[in-house]
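The values are calculated or read from the model by the stated rules, or taken from the named source; none is laboratory data. Bear in mind the structure is a predicted one, so any value in this text is a computation, not a measurement. Positions of Cβ are backbone-derived with ideal geometry, glycine not excepted, and every protein chain shown enters the neighbour counts.
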């Protein structure tokens, strides 16, 4: 039995598809209101803030994937995320399961250095500090060596379905609605983005690879990061848009935060958009050279086809 904790998000949905397709039909999807992805999926309702419910949800699991998400509200992250993770770690350890932690890059420095698995944590902002704390909890568990643990880290998403990211919200979703794309801060900086189905396929592969445990992995992205100008142009071409876009300066985004909760939560990440933001997945590519990464034009074309 392989179990996904936090099973309703886009990463978890694609993960359930990938696991069912390539590894096992014995899948358990866990959330407050889980929904089947595959007909054979087993559903368990559980609140990960409750240790007893979490323990019951992972009973009998061989591998546990932590893909839980929360709305982008700082206070919610601080109050709930670490508790959810601790409960999941303790429950997995108790049943002798392997633990796969899906992570993001909020804890990394917001400068132009190339991000690798060895990049030190230097969080900017409260959400970044939460993610650094959570990653540290998993690293401590890894160091104890009481159970097999791995960290799979992804940069900003773009993707189909209910993919939630600022790139989807500002560029792709606006194109779907016939609106001009918005580019935050600058359009001439390089930015690595990960196609959500690729992230989930790679997550499934790592979870089912024995020697992947005990390590941190960057999930696979294209070796060449586009500028936001290039990405917005590719997206516009995919949606038959005229190619125009608007660069939104940081002072407008900061001011808009006074009125928009979504934009307010973006403000602590604004320095990332002032620099090249390059994410290296060379380690993954070396270990899994057969893994095919979806190109940006291919991914955008898929989104366009899906939205028609």
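For this structure, a couple of remarks:
- Of all residues making up the range 127-151, the number that are closer than 12 Å to residue 100 by Cα and surrounded by fewer than 18 Cβ atoms within 10 Å (Cβ to Cβ): 1
- Within the range 152-166, the set of residues being surrounded by 15 or more Cβ atoms within 10 Å (Cβ to Cβ) and more than 21 Å from residue 123 (Cα to Cα) comprises 158, 159, 160, 163, 164.
- Qualifying residue in the range 265-272 (condition: over 15 Å from residue 156 (Cβ atoms) and modelled with pLDDT under 90): yes
- Residues in the range 214-246 that are surrounded by fewer than 21 Cβ atoms within 10 Å (Cβ to Cβ) and under 21 Å from the mean Cα position of the chain (by Cα): 214, 215, 216, 222, 223, 224, 226, 227.
- Residue 124, sole failed condition from (1) buried (at least 17 other Cβ atoms within 10 Å of the Cβ); (2) touching a strand residue (DSSP E or B) at 6+ places or on another chain (Cβ under 9 Å): (2)
- Residue in the range 273-292 that is farthest from residue 105 (Cα to Cα), counting only those that are surrounded by 20 or more Cβ atoms within 10 Å (Cβ to Cβ) and at pLDDT 95 or above: 284
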